[in-house]
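The values are calculated or read from the model by the stated rules, or taken from the named source; none is laboratory data. Quantities reported herein were computed from a predicted structural model and do not represent experimental measurements. A quick note on method: Cβ atoms are made from the backbone with ideal geometry, for glycine too, and the neighbour counts reach across all protein chains shown.
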Amino acid sequence: MNSLGFKKACSSALCVLLSGTILAMPAYAISSDLEDINGDGIINVFDLVLAKRESVTASNPLELEVSGGQVKPGENIEIQLQLSNNIGFTSFSFLLEYDTALTPVAIDNTLQYTMGEILEPTELTIMPSGVKGSMLLMTNHAELHTENGLLLSMQFAVSEHAEVGKNYTISLRDATFTDSNYEIMSSILLGKGSVSVLAGDGSDNSNIRKPSHWGIDVSRWQGDIDWEAVKADGVQFAMLRAGYGREITQEDPSFAQNYANATAAGIPVGAYWYSYADSPEDAVREANTCLSVLGDRTFTYPIAFDIEEPFQWELTPEEFSAIIEAFCTTMEEAGYYVMIYTSSWPLNHLLTPEIEAKYDVWVAQYGKPQPDYQGDYGIWQYSCTGKVNGIAGDVDLNYGYVDYQSLITDRGFNGFTMP
């Protein structure tokens, strides 16, 4: 994720192919092999226009996808901009227009979006267009891009006062693409999607809360991280993998370095421990190993118990919850603020009410406007393919809903002393 930073969605989306528009059509000679496309019995310039339109339609459609397409007032919805049948471009610019009942999601006045794999983050610029309800997306002249796929994805918040039953539009227009010779492609297909607003159910659903913090979680797989660049990119907290399993040799090789450099950059950090435990006794051994790895370091975010192995999801709710309680109790007795990390399905089906009420939750679910988990949660991992300056490749992205830094330091958890 770059400085304007928001996940490539990991689920299916409602794809709406935009209507074609012919822009700045140059003059053409009437080809001898041109057909009577419009069926008026005459081969003329109108057939040439239709032929050109068919050519453009086949060669370079730009698509707008609206994930889900149906939301309730106050919820978020994700859009994706997809490029297919790409004949090659070196630069582009176009307007993304949206109804004023829709608002691009921003944290601390920083627009959130997730880059796809076609462009590098530094190649794309997004800025206000000067017209309310629109923004300009553009690139500078760069190398030739011939890839198909996701340009970027972005979330929009639907106003709590949006009209139920109405379709609100998100569209693209005024596109200019340049080809390999840096000449303007005269025609291109644009896109239009719609967001259908459904009636709310009147329930007090915490899933429609607005996040207060934006963060990442990392492990050895993110390689050598430039934490100063990560901080400059707007990251407000980081969860670091401390290790996995029950052996001290299973400490994450990057943990110590990530902790030292992230905290030096001024980023609040927590940690997580990946579990393979199949019994409460095994979970206690994992917790004791985790404590040894954490050492005397302090953490302003929780220590999370990562329980996501498929065999663990085959346990009964009582067995699953007993493993969680064994790990978390051991960590709490050592003075740590703990939480549970896993995805929506086990949270909804395998947590006993007692465990659900006892511990904070970090829920993982991608490609949704909000998680399916029906309970409360402090962190939502919403992307597994985010882009952040200072990190090569994909990184997990998270929204935070709790001021853990104040909670932990004020109450003397995680190595801190109560003021």
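Some observations on this one:
- Condition check for residue 317: at pLDDT 95 or above, assigned by TED's automatic domain parsing to the domain that holds residue 252 and touching a Ser or Thr at 6+ places or on another chain (Cβ under 6 Å): yes
- Put simply, of 243, 215 the only residue that is under 19 Å from the mean Cα position of the chain (by Cα) and not in a loop (DSSP other than H, G, I, E, B) is 215.
- Conditions (1) assigned to a loop (DSSP other than H, G, I, E, B); (2) touching a Lys or Arg at 6+ places or on another chain (Cβ under 7 Å); number of the one not met by residue 160: (2)
- Residues of the range 246-296 satisfying the condition of being among the polar types (S, T, N, Q), more than 17 Å from residue 414 (Cβ to Cβ) and out of contact with any helix residue (DSSP H, G or I) (no Cβ under 8 Å at 6 or more places or on another chain): 249, 257
- Among the residues of the range 299-314, those identified as touching a Ser or Thr at 6+ places or on another chain (Cβ under 9 Å) and assigned to a helix (DSSP H, G or I) are 312, 313.
- Residue selected from the range 280-306 under the condition among the aliphatic types (A, V, I, L, M) and surrounded by fewer than 24 Cβ atoms within 10 Å (Cβ to Cβ), by the criterion farthest from residue 405 (Cα to Cα): 284
- Filter result for residue 369 (farther than 19 Å from residue 285 by Cβ and over 16 Å from the mean Cα position of the chain (by Cα)): no
- Residue tally, condition under 26 Å from residue 366 (Cα atoms), modelled with pLDDT of 80 or more and of a type in the set (Ser, Thr, Tyr), over the range 143-201: 5
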